[in-house]
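To keep things clear, I will list the structure first and then write my remarks on it.
The values are calculated or read from the model by the stated rules, or taken from the named source; none is laboratory data. Just so it is clear, the structure is predicted and the values come from calculations on it, not from any experiment. Cβ: placed from backbone, ideal geometry, glycine included. Neighbour counts: every protein chain shown. With ligands, DNA and RNA removed, areas are computed over all heavy atoms of the protein, side chains included. Shrake-Rupley method; radii C 1.70, N 1.55, O 1.52, S 1.80 Å.
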Amino acid sequence: MKTDFGTAILSGFDYLLENYPEVFVIGQGLWSPWYVGTTMTDLDKKFGKERVIDTPVSESACTGAAIGASLTGMRPIIVHPRMDFMLYAMDAIVNQAAKWSHMFGGQAHPGVTIRGIINRGGEQGAQHSQALHALFAHIPGLRVVMPSTVTDARDLLIASVLSPDPVIYIDDRWLYSQTDELEEIVELDLSKEGPECLMEGNDLTLVASGFSSMQAREVCDLVANKGISLEIIDLRILNPFDASKILESVRKTGRLLVVDGGWKACGMASEVISSVTEELELGALKSKPLRITLPSAPAPTSATLEREYYLSNDRLIDCIINLVR
Amino acid sequence: MEKPDLTNPKNFHSPINVSGMDLDLLIKFYESMSMIRKAEDLLAVKRRDGFIGGPVHLGAGQEAIPVGVSPSLNSSDFVFGAHRSHGHLLALGSSLHKLFAEVLGKETGHSKGMGGSMHLWDEPSGFYGSVPIMAGTVPLAVGAAISAKLRKSSSIAVAYLGDGAVEEGIVIESMNLAKIQKAPILFIVENNLFASHMHISLRQPSSYISRFADASLVPSHILDGNDVVEVFKTARNSINDIRSGQGPQLIECLTYRFYGHVDWREDVDVGVNRSMEDINDWRSRDPIKRLTESLLEINETIEDKLNDLNDELNLNVQSAWELALEDPFPAKDKLLEGVYA
Ligand SMILES: Cc1ncc(C[n+]2csc(CCOP(=O)(O)OP(=O)(O)O)c2C)c(N)n1
Ligand SMILES: [Mg+2]
């Protein structure tokens, strides 16, 4: 039986709350069916409102509190129904969670998981749309995780929570309806996870994460019909970032395209391209590497502009064809 | 005598006290509240029927607050709102057509079609922006007040915020800063007892929020937010004090929204502690209904006048909508324009 991405996240929470008494969840909307899609439905009823805590509208305090609880023996997950709201918690995340291990000589372990949801489109506009993974991937001390497949949605959530480090787990609502077979749960060691090849091919290495990886999978067959064989690498772990699999792939295909749902400047696509090209042998590329990102502007609301703003599969296919030609 | 509990929906169903009030002003209140109600009821239907692509946060039931406050403001003041701000803007006399156009994402809208319902801007009316990040505008409003003070103008700032927004620490910081700067600002908290799905009793140890003002020694008033006359009188006095340099104040208006948190549904299912019984009780505290009853008590023949007024408003609202529907969307090159000045 196939499971959808949202339900896979729910089953990750279920597993964690069932098996680890030190896990608790805190954040806005956890007692209501519509805030976080189907990803947390009825957890409060099953595990009690003490361990599944809906909160006042206080992102900064709630995130700080989750970090404090993680320092003292718990494994909390703080949920932000939109990444945009998480910005009120920047001090807690960047100055505190990311720093405490190193700053205290490796003795403090803020093993908190901070779940930020990307929730865009639907004419919601500039403050209800942001994909800020690159902002967090800039910060040493934070592990940044972005699942794209149904299995990763569940297993990387579990690995994030079991990790002794602070983890930013970012899921995109545009992924929720995809379905796949779910295997048995495997408890992964997050520190050993990295980019994975989702599709093998010879003509072009396409690197993406989150929803962009799903788009890459969607166009794969369509470009295959046009005689282009894509190799798709899903980043999965954005920080600390390991470029080795991508490097290997580009040595084979000679072409590199990075598709990212964030902005271009100092973004994840830039990081991938520079990490690869600074290691790559001169002359190994058959065409210039390319980044496809959002336009350098906040998200508009108007439907006509929104259609321009977000990458369509058609535009992605055109870019791929142009690059390989 | 202690006031009956404002948070209990069984109280305050009777007509409001209008004694000593000018009849024309009362009719203005009626007109303005009714216009906002009709506009939002129309938005609810159009959103349900798929004409509007983005979320709309409707304030139906809360109209007495901006309608009571706005007559004491002028266009050189600085008014800031949040996600539920249609009424804040319309009560200033701002264009309904431009609001509808903005909600539809049209180039003729208040924010030129770049903002939609949740991001409104109308400088000529003194409206300096509404945004959906909770409490996001509150410190900005304090800054506008400091700017007015530094420039020795008589302008004041107004920050509309909800009972949920108060839970952001920045609101406490803002009140303290405003007080220590003696900034000319009025904080108006629309306490509708809910922040999206959650009743205030699940979020705060008290259902009244003005206690936060006490910590910064900001004078505060708690009142029936569904009594337009009480809002008017209290706001007028506060605004006079603030304009004369006495520093910030806060008015907490107890109220309730008839629609759910967002869009046209009643949201009984997703609201923790929201029930149809409560909604119906609050409908008995409807600010328009109570003012109407008071007007009819003064003079029964007023009914004809109110009916005429309603007919006229219906026409105006309908024609503003139709005009907005015909308007163009922003051109594609607007996407990259305006990121920088
Ligand atoms: C920083 C931030 N956190 C959370 C939200 C989600 N959210 C939108 S409106 C809302 C509740 C607002 O409650 P209140 O301030 O009382 O205003 P009301 O909706 O009742 O008018 C919440 C939690 C948000 N928009 N911004
Ligand atoms: Mg509220």
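Annotations
- Longest DSSP-loop-exposure-free segment, GluC sites (Glu not before Pro), chain B, at most 11 other Cβ within 10 Å: B:3-299
- Delta accessible area of at least 30 Å² on complex formation, residues of the stretch A:123-138, 1.4 Å probe, chain isolated as reference: A:GLU123, A:GLN124, A:GLN127, A:HIS128
- Percent of beta bridges antiparallel (DSSP, chain A, rounded to nearest 5): 20
- Delta accessible area of at least 40 Å² on complex formation, residues of the stretch A:27-64, 1.4 Å probe, chain isolated as reference: A:TRP31, A:TRP34, A:PRO56, A:VAL57
- Accessible area per residue in Å² at 1.4 Å probe, computed on the stretch B:76-123: 26
- Placed amide H near B:PHE329: partners under 5 Å, 5+ positions off or other chain: B:GLU107
- Solvent-accessible area of B:THR108 with every protein chain in place, 1.4 Å probe, in Å² to the nearest 10: 50
- Between helix A:210-225 and chain A: long-axis angle, C-alpha atoms, 0 to 90°, nearest 10: 30
- Distance-filtered residues of the stretch B:50-66 - backbone nitrogen under 20 Å, label point 7 angstrom along A:ASP314 Cα→Cβ: none
- Spin-label pair A:THR38/B:ILE27, simplified geometry with 7 Å Cα→Cβ offset, distance in nm: 5.7
- What the Cα convex hull of the stretch B:237-341 gives, in volume per residue, is 272 Å³.
- Of all DSSP beta bridges confined to the stretch B:4-327, the antiparallel ones make up roughly 15%.
- A straight line joining the Cα centroids of the stretch B:15-36 and the stretch A:109-180 runs 51 Å.
- Bins of 10 Å, starting at 0 and running to the largest distance - Cα pair percent for chain A: 6, 27, 35, 23, 9, 1
- Portion, in percent, of the accessible area of the stretch A:100-175 that falls on carbon or sulfur, probe 1.4 Å: 58
- The protein assembly as shown - mean residue ellipticity at 222 nm from DSSP helices (-39,500 (n - 2.57) per run, n ≥ 4, rounded to 500): -11500 deg cm²/dmol
- Under 5 Å between amide hydrogens, built in the peptide plane, is the criterion, and for B:SER94 it picks out nothing among residues at least 5 positions away or on other chains.
- For chain A, the solvent-accessible area with a 1.4 angstrom probe is 39 square angstrom per residue.
- Radius 12 Å from Cβ of A:ARG236, net charge of other residues (Lys, Arg +1; Asp, Glu -1): -3
- When a 1.4 Å probe is rolled over the protein heavy atoms, the share of accessible surface on the stretch A:196-324 that falls to carbon and sulfur comes to 49 percent.
- Loop-located chymotrypsin sites (Phe, Trp or Tyr not before Pro) in the stretch B:45-83 whose Cβ has at most 16 other Cβ within 10 Å (DSSP): B:PHE51
- When both bridge partners sit in the stretch A:2-192, DSSP labels roughly 10% of those beta bridges antiparallel.
- Take the accessible area of A alone and of B alone, subtract that of the pair with a 1.4 Å probe, and the total buried over both chains is about 2700 Å².
- For the stretch B:122-161, convex hull of alpha carbons as volume per residue, Å³: 61
- Cα gyration tensor category, rounded, prolate or oblate, for the stretch B:107-182 with a/c compared to 1.5: oblate
- Volume per residue of the convex hull around the Cα atoms, evaluated for the stretch B:183-296, comes out as 114 Å³.
- Stokes-Einstein D in µm²/s, Kirkwood radius over Cα pairs - the stretch B:4-327 at 37 °C with 0.692 mPa s viscosity: 167
- Under the Karplus curve 6.51 cos²θ - 1.76 cosθ + 1.60, θ = phi - 60°, whole-Hz ³J(HN,Hα) for the stretch B:307-322, x wherever Gly or Pro sits: 4, 4, 4, 4, 4, 5, 5, 4, 5, 4, 5, 4, 6, 4, 5, 5
- Once the partner protein chains are put back, the stretch A:274-315 shows a loss of at least 50 square angstrom of accessible area, versus the chain by itself, at A:THR301, A:SER302, A:THR304, A:LEU305, A:GLU308 (probe 1.4 Å, ligands and nucleic acids excluded).
- Overall Cα dimensions of the stretch B:46-121 - principal axes, largest extent first, Å: 37, 26, 18
- For the stretch B:36-186, the Kirkwood estimate of hydrodynamic radius, built from reciprocal distances between every pair of different alpha carbons, is 15.6 Å.
- Across the alpha-carbon set of the protein assembly as shown, the Rg to Rh ratio works out to 1.01, Rh being the Kirkwood radius.
- By average C-beta atoms within 10 angstrom, highest first, the peptides B:18-24, A:265-271: A:265-271, B:18-24
- Distances between placed amide hydrogens fall under 5 Å for B:LEU120 paired with B:SER130, all partners being 5 or more residues away or on another chain.
- Remark: the stretch B:18-33, residue by residue, has Karplus-estimated 3J(HN,Hα) of 10, 5, x, 8, 5, 4, 4, 5, 4, 5, 4, 4, 4, 5, 5, 5 Hz, where x stands for each Gly or Pro and the curve is 6.51 cos²θ - 1.76 cosθ + 1.60 at θ = phi - 60°.
- The value for the stretch A:196-324 of Rg(Cα) / (2.2 N^0.38 Å) is 1.02.
- Heavy-atom surface analysis with a 1.4 Å probe gives the stretch B:4-327 a carbon and sulfur content of 52 percent of its accessible area.
- Nearest-ten-degree value, helix A:150-162 long axis tilted from longest Cα axis of chain A: 50
- Karplus-derived 3J(HN,Hα), 6.51/-1.76/1.60, for each residue of the stretch B:134-142, Hz, glycine and proline x: 4, 6, x, 8, 5, x, 5, 5, 4
- Here the stretch B:195-256 was treated as a single set of alpha-carbon atoms; its pair distances binned every 5 Å from 0 give 4, 17, 22, 22, 19, 11, 5, 1 percent.
- Amide N proximity, the stretch A:147-171 versus A:HIS109 label position 7 Å along Cα-to-Cβ, cut-off under 17 Å: A:158-168
- Cα-based equivalent ellipsoid, the stretch A:2-192: semi-axes from gyration tensor eigenvalues, Å: 23, 19, 17
- Over 29 Å between alpha carbons, listed pairs A:LYS226/A:LYS286; B:LYS38/B:LYS106; B:LYS98/B:LYS149: B:LYS98/B:LYS149
- Heavy atoms of the protein chains alone define the surface here; on that basis the stretch B:200-323 has 43 Å² accessible area per residue at 1.4 Å probe size.
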